[in-house]
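Engineer: Below you'll find the structure I mean.
The values are calculated or read from the model by the stated rules, or taken from the named source; none is laboratory data. Remember, it's a predicted structure, so these values are computed and weren't measured experimentally. Cβ sites come from the backbone with ideal geometry, for glycine too, and all protein chains shown count toward neighbours.
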Amino acid sequence: MDNITRICRKCGQEKPLSEFVRDKTCASGYRHTCKQCDREWRRKWDAENAEKRRERKRKWYAENAEKRRERKRKWYAENAEKRREWNRKWYAENPEKCREWNRKWLIAHPEKVREYKRKYYLANAEKFTERCRKWRIANPEKCRERNRKRGINDCKSLTDRYLRDKLRRNNLPITPETIDYKRIQLKLYREIKKQTDYERN
């Protein structure tokens, strides 16, 4: 086959058969135009029919979504190292785009972010605890200020953390039911106190 040649009908040059595009619809099994002429024709057609090409692509993707996903999964599995290397290179060359893309993704997927953080914390609980301990030792002032603000917010919002602390200080059992009961109790107490203060004034 290496010795077989044919003349391209586009450029008129004689080239080896390997330089021609395979095509089952042709009698010879190859197109009458060489690969170089075929590429040039495709580039020209794509430039002149950009919108038509995009529409055809969108339609194909919509009709072959599962096939496309399966092909991507297969390629990723067979080219894992190549993909990681490409990603590293792209991230290094496009830090701003990467940060912006990450920021938008985090905003658009809050549930996934929370689930990822929860799983990460469960898988790295000891590491996380040790890192927090070191931070508290290195930043005592910031730690006190953060705890003060957190305490104020928790108190206002009657968060589970604040209610658990209340129950713990009174040596009461900490269960979902006692937390809910304590929340209702404190809400009623605050409402009564607010009403009393209003009547005094």
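Engineer: Of all residues being over 20 Å from the mean Cα position of the chain (by Cα) and of a type outside the set (Lys, Arg) in region 52-65, which is nearest to Arg42 (Cα to Cα)? Just the residue, please.
Structural biologist: Checking each candidate, the answer is Glu55.
Engineer: Within region 19-59, can you find the residues that are among the hydroxyl-bearing types (Ser, Thr, Tyr), closer than 17 Å to Thr5 by Cβ and at pLDDT 85 or above?
Structural biologist: Tyr30, Thr33
Engineer: So which of Arg42, Arg68 ends up being part of a helix (DSSP H, G or I) and under 30 Å from Cys8 (Cα atoms)?
Structural biologist: Criteria check complete, one pass: Arg42.
Engineer: Taking region 183-201, which residues are more than 15 Å from Lys156 (Cβ to Cβ) and assigned to a helix (DSSP H, G or I)?
Structural biologist: Ile184, Gln185, Leu188, Ile192, Gln195, Thr196, Asp197, Tyr198, Glu199, Arg200
Engineer: Another question about this same structure. Note down all Cβ pairs under 7 Å where the first residue falls in region 172-201 and is of a type in the set (Ser, Thr, Tyr), the second is surrounded by 10 or more Cβ atoms within 10 Å (Cβ to Cβ), and they're at least six residues apart or on different chains.
Structural biologist: Here the result reads Thr178/Leu167; Thr178/Leu172, each pair linking region 172-201 to a residue that is surrounded by 10 or more Cβ atoms within 10 Å (Cβ to Cβ).
Engineer: Which residue, of Arg164, Arg136, is surrounded by 11 or more Cβ atoms within 10 Å (Cβ to Cβ) and farther than 30 Å from Ile184 by Cα?
Structural biologist: Answer to the check: Arg136.
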